[in-house]
Every structure is written in structure tokens, then in C-alpha cells.
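The values are calculated or read from the model by the stated rules, or taken from the named source; none is laboratory data. Predicted model only: the values in this text are computed from it and were never measured. When we count neighbours, we look across all protein chains shown, and the Cβ atoms used for this are built from the backbone with ideal geometry, even at glycine. For the accessible areas, the whole protein counts, side chains as well, though only heavy atoms, and no ligand, DNA or RNA atoms are used. Shrake-Rupley method; radii C 1.70, N 1.55, O 1.52, S 1.80 Å.
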Amino acid sequence: MRRTLSAVLTAAATVAAGGIVALTVPAANPQPAWAWENGLARTPPMGFNNWNFTHCDAIFNETTIKRVADAFVSLGLRDVGYQYLNIDDCWAETARDASGNLVPNRTRFPSGIKSLADYVHARGLKFGIYTSAGTKTCNSLGFPGGLGHEQQDANLFASWGVDYLKYDNCNNQGVDAQQRYGAMHDALAATGRPVVYSITEWGSTTPKVWTWGAPVGNLWRTTGDISDNWSSMIGKLHTNDDLAKYAGPGHWNDPDMLEVGNGGMTATEYRTHFSLWAMMSAPLLMGSNVPTLSQANLDILKNTDVIALDQDPLGQQAVIVSSSNGLVVYRKPLSNGDMAVALLNETAATTTVSTTASAIGMPGGSSYTLKDLWSKASRTTSGAISASVPSHGTVVYRVTRTGATAPAAGTRQLSDLTWTSVTNGWGPVEKDRSVNTQTAGDGRTLTVGGTTFSKGLGAHAQSSITYFLGGRCSSVAADVGVDDETGTNGRVVFQIWRDGTKVADSGIVTGSQGAKHLTADVSGGTTLLLAAIDGGDGINSDHADWSNAQVTCT
């Protein structure tokens with residue numbers, strides 16, 4: 001059953017002289033603390049938004065949008081994952097009709113929005129639209145917003161075949177953000193149509209949208225509008241790169257759209273822009289004149305190796321490994337057990353950026369393959385990871401461990417085996433102990449629902465623990481739960497992945513529950529990955545125990 005996120009927004013408004021005379025809004029209801037599982041945006045949305053290309057200029061019209069849709073197909077962008085074609089502000093007339101419905105601008109969209117959506121759908125794409133959680137949208141011409149019209153507008157969008165809604169924050173009359181965005185959540189859900197919901201609140205109010213966005217929408221803007229220059233782009237990066245713990249499948253941080261192809265940055269800077277948005281599991285929404293993109297810009301936007309990082313189904317946003325004097329290292333665990341590493345140089349000169357396999361969560365003393373996702377060159381290393389990186393450049397490696405040994409025949413405790421990579425949201429993963437605090441070795445006896453376990457792994461969301469199976473193992477089993485050291489706090493989803501395919505999912509397990517037995521068939525798999533993911537309320541208290549975790553091999 002769908003849970004209502006807010007009371008139906010009621011607004012008693014008298015319009016006089018073009019303004020709001022009175023507006024009455026009830027207090028917001030308490031918000032549930034789990035993600036909105038509408039089945040959409042399981043990986044970050046990819047597509048296009050016209051605003052940074054057209055703004056509200058006359059070129060924003062149905063002919064332009066149809067040309068973009070055609071270019072998605074002819075340029076192969078649809079084939080590499082770009083799916084959503086979203087129109088932004090200025091699509092409507094400045095007044096609703098006599099029934100209170102929004103009206104498409106008769107000059108820009110003479111065939112209507114449903115006709116345009118049908119054109120987009122006929123090309124195997126999805127269609128998105130824009131409005132604002134206020135009385136008017138953001139443009140100074142004064143297009144009507146959705147505040148007080150949530151269900152009416154949601155029903156209209158559904159009737160047009162809309163697949164994606166960008167809901168902005170202008171002219172909000174000071175109404176609580178959770179109330180406003182919750183009302184549109186309820187309205188979209190009530191239509192029965194699957195619509196990706198983008199909360200464009202800019203991270204401008206307290207509490208911050210990333211702390212409450214997961215139960216409300218599929219993605220939320222963490223920043224103001226991006227501009228086509230290095231300073232703006234890198235600023236958006238550094239606002240967003242601290243927020244990894246809030247992102248995951250179905251609920252993403254959004255540092256705004258891509259500027260690639262708009263001409264304000266160098267090719268090196270655009271590669272950095274694209275690389276780091278992919279590392280952060282950010283939406284990849286092109287904001288340029290798609291039909292006229294140069295081959296150089298298409299090569300950036302169609303780099304399938306980099307896109308694969310963004311679209312990896314594990315859905316863990318990269319975190320910072322090190323940052324010093326403009327040299328930044330990021331790591332991102334991947335569902336097949338590989339690790340993506342980005343080496344960023346923000347300085348004005350070419351320099352070497354370095355890290356190690358151990359620092360990114362892959363044990364030292366082994367052999368690794370480093371694939372450069374831009375040059376496509378591969379090399380091996382025993383642990384050192386470095387590159388000469390140009391000014392404002394980024395080198396991205398996909399790191400794969402080689403030469404690992406599969407477990408011996410029989411049933412073995414995973415805590416007795418050596419993992420091939422590990423990341424953890426709080427302190428280190430502990431063997432046969434809970435995670436407790438951030439200090440290594442300070443864990444307690446694994447205890448879930450009053451039951452103690454002598455063996456297992458003590459982790460903390462967001463966490464990934466990878467083992468090499470070598471095709472020799474058949475099954476994995478564990479008793480999973482939130483450790484009692486958190487009291488009744490914590491909400492965690494436990495997942496088991498085999499070679500990049502999810503083979504078991506616990507659903508949300510809370511700190512008030514006992515252990516849940518989780519099993520998975522891993523037959524023929526080369527890599528096993530155990531993931532502990534936030535249950536939608538932030539990672540505080542997400543002490544995730546893989547108790548009695550065992551693998552059976554032949």
C-alpha cells in the first residue's frame with residue numbers, strides 16, 4: 001500500500017490583481033523513514049534537459065525538441081543509455097484555462113504536449129516535463145506553478161504520457177518544502193502512472209533535502225544551477241561529493257545537468273565533468289544542442305566504459321579517499337567486485353596523482369589490472385595506482401584484482417577467508433565482531449535480536465565486501481541484521497551479488513527485528529559481493545551484521 005507523505009495540501013486563496021491575498025496551509029505530517037520504492041530510477045536517469053541550451057528563447061519549441069529526439073536515435077545516444085527527453089520552463093501559457101488546467105504555449109507547442117510526448121515515445125524514449133512547487137515557475141514571465149494544484153496537474157501530466165517530472169522551488173510562498181514536495185509525491189502516486197520524480201529544491205532549506213528526499217522522490221538537486229565554466233562545475237562537485245551516504249538505487253543526489261558541448265570549458269575539463277558525475281552516480285542529463293554536437297563531445301558523452309560506472313546497479317556513489325592541495329582521489333565499488341578510481345588534478349599544472357590498492361579498499365600484495373577508461377590502455381600493478389594528470393584533468397581507472405585463489409572445497413566461514421576488496425560506511429569491517437565505533441578491533445560479539453553469533457562480519461552501510469569464488473562455489477548463506485549495539489535504531493538492506501547480478505535481497509531490516517536468514521545461489525560465479533545499503537533514513541546506526549556468513553564450494 002502507498003503511504004501518504006503529507007496531508008493533502010489545501011490552499012484557500014483569493015486571487016486579486018494577479019497576486020495571492022491569503023494562503024492557508026496545514027502543518028506537515030511526520031515523514032516515514034524509508035525510500036520511495038516506485039520501481040523507477042534504479043540507476044541514475046540519463047537523457048536531456050533543454051534549459052542550458054535554449055533557456056526561454058524562441059528556439060525552445062516542438063520543432064527543436066523533435067530534432068533532439070531524432071538525434072538521440074541517429075547519433076546512437078539512445079543505444080548507450082540516454083532515455084529521458086525533458087522539457088523545462090516556458091512550455092506553458094501564462095494562465096490556466098477556465099477549468100484550472102495548465103495550457104501548452106500555443107506558439108511554441110501548437111500540436112500540444114501529448115502529441116510531442118507521443119513523438120518521443122515512438123522513438124523508444126521517455127518524456128519529461130517541468131513545473132514548480134510554488135504559485136509560479138522560476139521564469140519572470142510568470143508561468144503558473146503547481147502549489148495547490150498538485151493532483152490536477154499530476155493527472156494532466158499522466159494523461160499526456162509524462163514519464164519524468166522536474167519540480168522546481170520558485171515562488172513557494174514560504175510553505176514548508178517537505179509539505180510541498182510531499183503533496184506532489186502523493187499526487188503522482190495517485191495517478192498510477194510511473195513517473196520519475198525530481199525534487200529541484202537546490203539544497204537551500206533546513207533540514208537539507210538529502211536528509212528527507214528518499215521517501216519523497218527519485219532524485220533531488222543538491223546545488224543551485226550549474227554554469228558552463230570550470231569554477232561552477234567544480235563547486236557543484238564538491239557540494240555533492242560529501243553526500244554519498246544519501247544516494248542509492250531509486251534515490252540519487254543530483255548536482256545538476258551536464259554542460260558538455262556548450263563551449264565554456266576545455267575538452268579536458270568536460271572529460272573531468274563527465275567522469276566525476278559518473279563516479280558520483282549522478283543523473284547524466286545532457287544540456288547542449290544535441291543535433292550539432294561535435295564528434296569530440298559525442299566521444300565524451302558516449303564513453304560506455306565511463307557510463308557503466310554511473311549505471312552500475314550496485315548504485316554506490318564514490319567517496320573521497322584523499323584530498324590535498326587540489327589533488328583528489330575518489331573510489332567507487334562496483335557490483336562485479338571491481339573498483340573505480342578517479343584521480344583529479346584541480347591545479348594549474350600537470351602533476352602526478354597517486355593512491356594505492358590498499359587505500360581504495362583492495363588488499364595489497366596482490367596483482368591488479370588497471371584499465372584507463374579514457375585512453376583504453378591497460379596495465380598491471382602490485383598495488384601502486386598513479387597517473388600524470390593534466391591541469392583540470394581526471395584519469396579514471398577500473399581496477400580488477402587478478403591472481404586470487406578460490407576457497408577450498410567445503411563450507412567455509414567468510415570471516416576466515418581473505419576478501420579481495422572492502423569498503424565501509426563507518427570504521428573498518430570487522431571479522432567475527434560488530435563494527436562498534438570507527439576504531440579497528442574494538443567490535444563486540446555479533447548480536448542481533450538478542451541472539452549472539454561467534455562468527456561473521458561486522459559492517460556498516462554503505463558497505464561492500466568482495467570475495468573471489470573462481471566458479472567453484474554453489475551457495476552463500478548468512479543471518480543478517482542490525483547489531484543490538486544500536487538499540488532499536490538503524491535500517492539496512494542486505495544484498496548478495498554474483499558477478500554483477502543481484503541474487504538475494506533482504507528488504508529493509510530494522511534494529512528492532514531479529515536476524516533474517518538470507519541465502520543465494522552463486523553457482524558458476526567468479527566474484528561474490530556482499531552489500532549493506534542504507535534503508536532510506538541515512539546511515540546513522542546502520543551497523544550491519546553478516547552473522548554466520550558461509551560459502552559452500554566444490
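Key figures for this structure:
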item	result
Condition met for Arg444 (more than 29 Å from Gly326 (Cβ to Cβ), basic (Lys, Arg) and modelled with pLDDT under 95)	no
Scope segment 173-198; condition free of Cβ contacts under 8 Å to residues at least 40 places away in the same chain and part of a loop (DSSP other than H, G, I, E, B); matching residues	Gly174, Gly192, Arg193
In segment 433-483, the residues that are closer than 20 Å to Val493 by Cβ and of a type in the set (Gly, Ala, Ser)	Ser434, Gly449, Gly456, Gly458, Ala459, Ala461, Ser463, Ser464, Ala477, Ala478, Gly481
Residues of segment 423-450 satisfying the condition of being of a type in the set (S, T, N, Q) and in contact (Cβ under 8 Å) with a residue 12 or more places away in the chain	Thr423, Asn424, Ser434, Asn436, Gln438, Thr439, Thr445, Thr447
Filter pass, Val341 being within 27 Å of Ser454 (Cα to Cα) and part of a strand (DSSP E or B)	no
Number of the condition not met by Gly538 [criteria: (1) of a type in the set (Gly, Ala, Ser); (2) more than 16 Å from Phe453 (Cβ to Cβ); (3) touching a strand residue (DSSP E or B) at 6+ places or on another chain (Cβ under 6 Å)]	(3)
Strands (runs of 3 or more DSSP E) contained in segment 199-306 and holding at least 1 residues surrounded by 20 or more Cβ atoms within 10 Å (Cβ to Cβ), modelled with pLDDT of 95 or more and on the phi > 0 side of the Ramachandran plot	none
When residues of segment 392-431 are limited to those that are part of a loop (DSSP other than H, G, I, E, B), open to solvent by 30 Å² or more (accessible area, probe 1.4 Å) and farther than 25 Å from Ser541 by Cα, the one modelled with the lowest pLDDT	Gly403
Qualifying residues in segment 97-151 (those that are among the aromatic types (Phe, Trp, Tyr) and in a loop (DSSP other than H, G, I, E, B)) - the one nearest to Leu75 (Cα to Cα)	Phe109
Cross-chain or 6+ apart pairs with Cβ under 7 Å, segment 242-269 first and within 23 Å of Arg331 (Cβ to Cβ), then of a type in the set (D, E, K, R) and part of a loop (DSSP other than H, G, I, E, B)	Pro249/Arg42; Gly250/Glu37; Gly250/Arg42
Check on Ser512, in contact (Cβ under 8 Å) with a residue 12 or more places away in the chain, open to solvent by 40 Å² or more (accessible area, probe 1.4 Å), in contact with a Cys (Cβ under 8 Å, 6 or more places away or on another chain) and in a loop (DSSP other than H, G, I, E, B)	no
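To keep it simple, each residue is scored yes or no on (1) over 19 Å from Gly536 (Cβ atoms); (2) part of a strand (DSSP E or B); (3) under 27 Å from the mean Cα position of the chain (by Cα).
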position	(1), (2), (3)
Ser475	yes, yes, no
Thr488	no, no, no
Gln495	no, yes, yes
Gly507	no, yes, yes
